[in-house]
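As structure tokens, the structure follows; a few thoughts come after it.
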Amino acid sequence: MNEPTGGAADPATILFNLPDYHVVSTTDTAGRRQVTVETNQPPGCPSCGVISSRRKERRLQRLRDIPVAGPVEVLWSKYRWYCEEPACDRLSFFEGSSRFVGKWIPG
């Protein structure tokens, strides 16, 4: 019996070089293509470093269009997480990534 030695790479990794993200959805409406991605791992609190396990809410953060066989708008489904460390002053935080610095579309 043959057993796979590793899982198949996610489209986010293959297309956009985002190994810690996975594709949640794709749409193509009137020639406007969108790909929504989200992180694979819960983040640590930026203040205390404790890894969170409870999501509070989410928002879509638009990235600049990426030219992949025509324009593609990538949306990052960012979650606000609760900090579960009682001694931490930060109650919640949005996940962040240095990978996307300067690549946001305002608005």
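The values are calculated or read from the model by the stated rules, or taken from the named source; none is laboratory data. Please read all numbers here as calculations on a predicted model, not as lab measurements. Using ideal geometry, Cβ is built from the backbone for each residue, glycine included, and neighbour counts are taken over all protein chains shown.
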Could you please give the count of residues in segment 78-93 that are of a type in the set (Phe, Trp, Tyr) and out of contact with any strand residue (DSSP E or B) (no Cβ under 8 Å at 6 or more places or on another chain)? 0
Quick check on segment 24-82: of everything there that is under 15 Å from Ser97 (Cβ atoms) and charged (D, E, K, R), which residue is modelled with the lowest pLDDT? Arg64
